[in-house]
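The values are calculated or read from the model by the stated rules, or taken from the named source; none is laboratory data. The model shown is predicted, which means the values in this text are computed figures rather than measured ones. With ideal geometry, Cβ positions are generated from the backbone for all residues, glycine too; neighbour counts draw on all protein chains shown.
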Amino acid sequence: MNPFLLYNYLDPDYFCNRHEETEILLKNIDNNSNTAVFSQRRIGKTALIKHVFFLLKKKQSTIYLDIFPTLSLKEFSNTLATAIYREFPIHKSAGKKFMDFIKLLRPTIKINALSGEPELMLDISQPDQIEKSIPQLFSFLDQQQKKVVIAIDEFQQILSYPEKNVEAFLRTIIKNLHNISFIFLGSDSKLMIEIFNSAKRPFYGSTNFMVLNKIPKEEYISYIMNSFVAAGVDMDVKVPEVILNLTCTHTYYTQRLCHEIFADRFLFITEKDVVNTLYKLIQQNEAIYFQYRNLLTKAQWNTLKAIAAEKTVYQPYSQNFIKKYDLGSTSTLKRNFEALVDKALIYQNLAVEEPYYEVEDKFLMHWLQSD
Ligand SMILES: Nc1ncnc2c1ncn2[C@@H]1O[C@H](COP(=O)(O)OP(=O)(O)OP(=O)(O)O)[C@@H](O)[C@H]1O
Ligand SMILES: [Mg+2]
């Protein structure tokens, strides 16, 4: 089996480091306090929660829901009901109690046509039924003997629900629960900060914060080395570092590159093999990169290329940067940066002392550098 996972979480053998973050989350859960976790995309938020849940599994009930696909509170209710149902399936006694507890919401079980997984649908046709259903679902969990931990992934999605006062509605329910600790995750740091750190908003002051950074390089180096060696693959001693330099230590791109190198079945990996594999990955994605180019204006494209060439841009509006790449006036450049952030092609890392911009997709970054 390929030890470098591209999706999801399996067990601690396939998970690198995050000791500190794991400890903090376990401590918060133990103390019944809530945590808001945010980071840039694909750095490992979801895997971290799955890891913590793996460690907690015997002691507590763990409920995970990803609300990214939901468009309303009604869909939120169904997703929450389904997540609870998965933890308390009907063939277990707590599962029967759950179905009994929510019978007034007339739950029906459907099989998702794509995933083949069962889903619970509640009968919510009137708005006031939503107001009852969500508190009722939480209330069931609050009455369990074991403590419950709920992780709500892509929590910033609630901001796009059409119902009014969603934040206040959820915050009020959550405030009155005693047996549940919450972890809110989000990959849109700006929106997550708005929800949790604006003094005038309902969730303000209600959580601990955790900003998930990149995995420390030294730790990742030994993880990569050990994972290959355990599978009988040897390498030049510099190889892990070469990999991490190429991926800027970004978790997903590192996993992706390692996965591909492993899939190529080398018995001994050289630095050249790493570069060749990266080149192959870039070639596979080239059609998509050309599409990006078609979707951007020429000025936006040039800005993107300039950021890629610099790798990290600390002072985007400095005369130095503007002149070096001929990027026009400051006001146009500001608009271009905004457009690129908006399209998720670049990202501003705010979680460091000196914030900087970088190209999100590290493979695209290399392609732009070589173009
Ligand atoms: N500590 C880790 N060790 C090894 N692989 C990891 C680790 N954390 C994450 N991964 C892998 O990195 C990839 C991205 O992780 P994950 O999906 O958890 O990120 P995310 O921050 O939740 O992303 P998104 O913003 O898309 O929700 C996945 O392939 C996952 O398996
Ligand atoms: Mg995620």
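Brief remarks follow.
- Residue in region 259-276 that is within 25 Å of L340 (Cβ to Cβ) and not hydroxyl-bearing (S, T, Y) present: no
- Scanning region 161-193 for residues that are in a helix (DSSP H, G or I), closer than 24 Å to I49 by Cα and among the hydroxyl-bearing types (S, T, Y) yields a single hit, S189.
- A47 buried (at least 16 other Cβ atoms within 10 Å of the Cβ) and near ligand 2 (Cβ under 10 Å from one of its atoms): yes
- Verdict on I111 being closer than 18 Å to I180 by Cα, aliphatic (A, V, I, L, M) and out of contact with any His (no Cβ under 9 Å at 6 or more places or on another chain): no
- Annotation: of all residues in region 132-160 being of a type in the set (K, R) and either under 24 Å from V52 (Cα atoms) or modelled with pLDDT of 95 or more (or both), the one that is surrounded by the fewest Cβ atoms within 10 Å (Cβ to Cβ) is K146.
- Candidate set: region 50-61, residues that are in contact (Cβ under 8 Å) with a residue 12 or more places away in the chain and either buried (at least 21 other Cβ atoms within 10 Å of the Cβ) or under 22 Å from the mean Cα position of the chain (by Cα) (or both); chosen: the one farthest from ligand 1 (Cβ to nearest atom): S61
- All helices (runs of 4 or more DSSP H) inside region 211-266 with 1 or more residues being within 28 Å of I183 (Cβ to Cβ) and within 16 Å of ligand 2 (Cβ to nearest atom): 251-263
- Residue list for region 175-232, restricted to those being of a type outside the set (D, E, K, R) and in contact with a Cys (Cβ under 7 Å, 6 or more places away or on another chain): I215, Y220, Y223, I224
- Odd one out for P69, checked against (1) closer than 30 Å to Q126 by Cβ; (2) within 16 Å of ligand 2 (Cβ to nearest atom); (3) of a type outside the set (S, T, Y); (4) surrounded by 20 or more Cβ atoms within 10 Å (Cβ to Cβ): (4)
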